[in-house]
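Here, each number is a calculation from the coordinates, and none is a lab measurement. Bear in mind that the values here come from a model prediction, so they are computed numbers and not experimental data. Ideal geometry is used to build each Cβ from the backbone, glycine not excepted, and the neighbour counts take in all protein chains shown.
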Amino acid sequence: MKLSIGLISLVGILISSVMGQQRPGSADFIVSSCKRSLLQLDLPAVYLVNKNVTFAAIDQYGSAYEIGDQLAVQCGYRTSSDFWGNVTFRASLMSCYTQILDDQSTITIRINIFPTWDKSASVSYLKQVTCPYTWDAREILCEMNYMEVSVRRKIPMIAESALQDEPEDWVSAFPEAVAGLVSIWQVVFHLPSTRKAMLVRDAQKIGYGINTTESRMLLRSPYKTAETQLLNIGGVNFSSVRSTILYKQRWMILMVDTAVACPVDDVKYTKQMITWSVPKVLLPLLIGASRLKNSRIAFGVDLLTLTSTEIANRKYGLMDNYLDTTVNVPVGAQGGYFKSHVSNGQYGITYSINVFLEHEWDDSMWGVTKHTIIKEITTPFDAQLTPIINETISTTKTFNVTIGPFLPDVQLVNITVGLETLTIPELMAKNYNLTTITYPNGSVAFRLTVPFTDQNVKIEYNGETTRVYILVVTFGFKIIPTNETFTCTTTIVTLVRDAVLPQPSGYCDMNTLNVIVKRGNVDINWIPYVNNIPLTPETAQSNGAVFMANSTHYTITVNRYSDNVMYEEINNAGMTVTLPLTLVDNTNGNPMSTFSVSCSYPTAKLIDCFPNGTIAVTVLKLSTVPDMELSQLVLRDKSCRPVIYTDTSAKFVFPVNTCLTTRKFTQTMMIYENDVYYYRPGLTDAAYKLHVACNYTTNQTLILQYGYEVPPSPSAQTAFGTLALVLRLSKDSRYSTFYGDAEYPVVKYLMDALYFEVELLYSVDPQLELFLDNCWATASPDKTSFPKWDVVVNSCEFVETYQTIFHPVAADSRVVYPSHLKRFEVKMFTFMNADRAYLGEIYFHCSVIICDAVQLYTDPLCTKSCIPARQRTGRSAKLDTDRHQYVSSGALLLKSNVLSSLSPY
């Protein structure tokens, strides 16, 4: 039988030193022992490293017979190796080429060890052993690969009781015996329904071993042949061969019963216990016996019988009664050994032990029968969960992981840290530390330490101030001597409060928004996004930004008019422009931190209030209403829509007398108001409302400021506009032609009538009405200079030394809105100055009031006694001494004695 033995590297065994003790050709390293009816040769695994070993039997003439599987079964040999590579060879003391003399068996075996796989340059060792043995009348051996029964040749005559018990066996066998020639042996196999007789040589051809010595006769059988019967005895299956060997001895025909029976599934397993149960009453072996006596049981390990004390010390259990014998062996008990294995990549173990059970009894047919059963027991594969202990202490900044324990046949061959696989020497050369821990029972564990700073350690930000250090490590193992491999992977996660977040800050200048980010220790893979656009030094320029970076900081600069900014709020104080910054983890796309810098800028460019009563409003898309469709914006009149729109803004242009624009007055200004709305499709409530207002005064222009709030509290757009006024001098009382700028100074004489007209220019609002508040004349262009002569006082005609007359205004081809004009007549007179008549340049000035012609009484300025009745009808009224802010509409220069000059002021 050929065995292939793999590489062996056992803990604590130094192969080279042991091999150095071997002498070529010397068989001293082969341990021989006579055990019961067997010879055993033990070859230590250390001598068989990467070698093949074969065995050959040597007969008395020196001829060698290579022992293969078939010859081993037929001739009584058994070759096996344990999981460590130790080889055991056993031979029956009645094997084929054994020399037997006076109960002594001499067996000669040649052992061939081939140092190479092609069997060249073999080394042979010859081992001859003589074993004494006293045979019982019948001996039955259940070896692992064959069954054997031997009986004494000097058998007494068959008793009549035997013929009576099994008469058909003998009757059917007798004719073959009578017909046989002298020296022609035969064997008759007893089958359930028939008998099969064949010559010995024919039986040997199909695998049976049949032999005889001077004192004994032997039958050796494989476990599975055509003549084998499977019997269930006491719940245990037995392989049984019932046979009778017939031969002539002198004048006698001898018939020898050579029945044999061996259990085949008598061992049961749990994770903790091996149970071996063998029935004692085996009927195929008791044919013809009428009584049993003197039954004895022996049990042992490795063919050595154990005493009851030894059995108890090893915690074995042995229970024997008249029906069966049961042996309990705890898994892991002394006498056996554990071995590592790999099944489908999973590490596991088995427990092996070689035991035997020997039952000896005395019966009336055979005398003493010894039934020896050998069992090489190995438990089923038991998958093991690999213990992994994480002993990492975060304060040490070092991973500490222990894996194991394993059986000593497990070798650690490599470790993969992250994505880097290292052999053990390579591992030790790096900044790692590997320690092997050996326990008292021989098992081993391995402890690995890896610093947090190692490049193969993954670091992730866990929120707030915590970082997660992740070590993924795979241990690669090999089992000796079989070279099976398996791996164990573990992930060690440790949280440490050492995170330093990036620190953004921002500022604004006249036209840009700026963000400065101080780098932390968690943002190595964080990419800044502005308005969902990733920014890098390479992509920033194409996205309207400037990106500058160094090892500690980076800055982002964006123009206030860039598409990257968002308009958060617009109100009277200005508009709020925001640059949003989101730091996104580029490895998983998750937003990690957000920041924004907001700046307020004036809104002058968003609304224009033109003197001709036209309002232009620009509406910007705000981040607070991201779904706003700017093309769907409307004014109060929903037919009024933007004249132009883009993705970011829309512009309305409309006259103040359209789109349901309203007007109101205060003491100092006139206000036009409207609203911009956005309605989501199908809804009647506005999702967005922007209030717009234009404030008009008569002497200045204010910057429009507007904003919005989500309804129901909308903000307002407000702006100031200029009301343009002019004071003209008509050439006649019909007010059809007027003096132009080039005709001044106009020469007038005393008592000439002067026809003045005051007009509100450019307005298209028909509900506005202009009223004269005060008019006067001065000797210089300065309207506040002295001397001063009144013409209209507190909205009433001056009636002391001269008469001021109001004239009505009617619509014509020139006058579209009569309420926008006021006309009055002044008779030239001698202006008195220190009791002397004044002759020279004189200027006329007026202050005016703009009122709502429909709701005059809403403004106190429009409810004076001469307004509107006097200025409309010319009737006198009591003077009102209330003075108000003066708004000069221009100056009239009169040369000679009554010349007036008008120009816008």
Residue by residue through segment 436-444, what is 3J(HN,Hα) from phi via Karplus (6.51 cos²θ - 1.76 cosθ + 1.60, θ = phi - 60°)? Round to whole Hz and write x for glycine and proline. 9, 10, 10, 9, x, 7, x, 5, 10
Counting only residues 5 or more places away or on other chains, whose amide H sits under 5 Å from the amide H of ILE274 once H atoms are built in the peptide plane? VAL329, VAL331
Please arrange LEU861, LEU304, LEU434 by counting, for each residue, the other beta carbons lying within 10 Å of its beta carbon, fewest first. LEU304, LEU434, LEU861
So what J values fall out for segment 46-58 if you push phi through Karplus, 6.51 cos²θ - 1.76 cosθ + 1.60 with θ = phi - 60°, rounded to Hz, Gly and Pro as x? 5, 8, 10, 4, 6, 10, 9, 10, 10, 10, 9, 8, 10
Going by how many other Cβ atoms sit within 10 Å of their own, how do THR494, THR489 line up, fewest first? THR489, THR494
Measure up LYS315/LYS370; LYS196/LYS293; LYS638/LYS864; LYS268/LYS339; LYS35/LYS224; LYS224/LYS280 against 31 Å on the Cα-Cα distance and list the ones that go over. LYS196/LYS293; LYS638/LYS864
So, counting K/R as plus one and D/E as minus one, what does the shell of residues with Cβ under 15 Å around LEU141 add up to? +2
Loop-only check: which GluC sites (Glu not before Pro) in segment 423-464 are DSSP coil with at most 11 other Cβ within 10 angstrom? GLU464
Global geometry of segment 259-310, whether rounded, prolate or oblate, following the gyration tensor of its Cα atoms and the 1.5 cut on a/c: oblate
Per-residue ³J(HN,Hα) for segment 268-284, Karplus 6.51 cos²θ - 1.76 cosθ + 1.60, θ = phi - 60°, Hz, x for Gly and Pro: 10, 10, 10, 5, 10, 9, 10, 10, 10, 10, 10, x, 9, 9, 10, 4, x
Most exposed to least, judged by fewest other Cβ atoms within 10 Å, SER150, SER352, SER596 sort to SER352, SER596, SER150
Exactly which trypsin sites (Lys or Arg not before Pro) in segment 52-144 are in a DSSP loop and have at most 13 other Cβ atoms within 10 Å? LYS119
Shape descriptors of segment 385-493 over alpha-carbon atoms, Rg and Dmax in angstrom, are 14.6, 52
Across 5 Å bins from 0, what is the distribution of all Cα-Cα pair distances for segment 278-410, in whole percents? 2, 8, 14, 14, 12, 11, 9, 8, 6, 5, 4, 2, 2, 1, 1, 1, 0
Sparsely packed trypsin sites (Lys or Arg not before Pro) within segment 776-829, loop by DSSP, other Cβ within 10 Å at most 16: ARG814
Between ARG447 and ASN294, what FRET efficiency follows from the Cβ-Cβ distance if R0 is 45 Å, with the result rounded to 0.05? 0.15
Volume in Å³ per residue [convex hull over Cα atoms, computed for segment 367-428]: 167 Å³
Can you tell me how much longer the chain between ASN50 and THR466 gets when fully stretched, taken as 0.36 nm per residue apart minus their C-alpha distance, in nm with one decimal? 144.3 nm
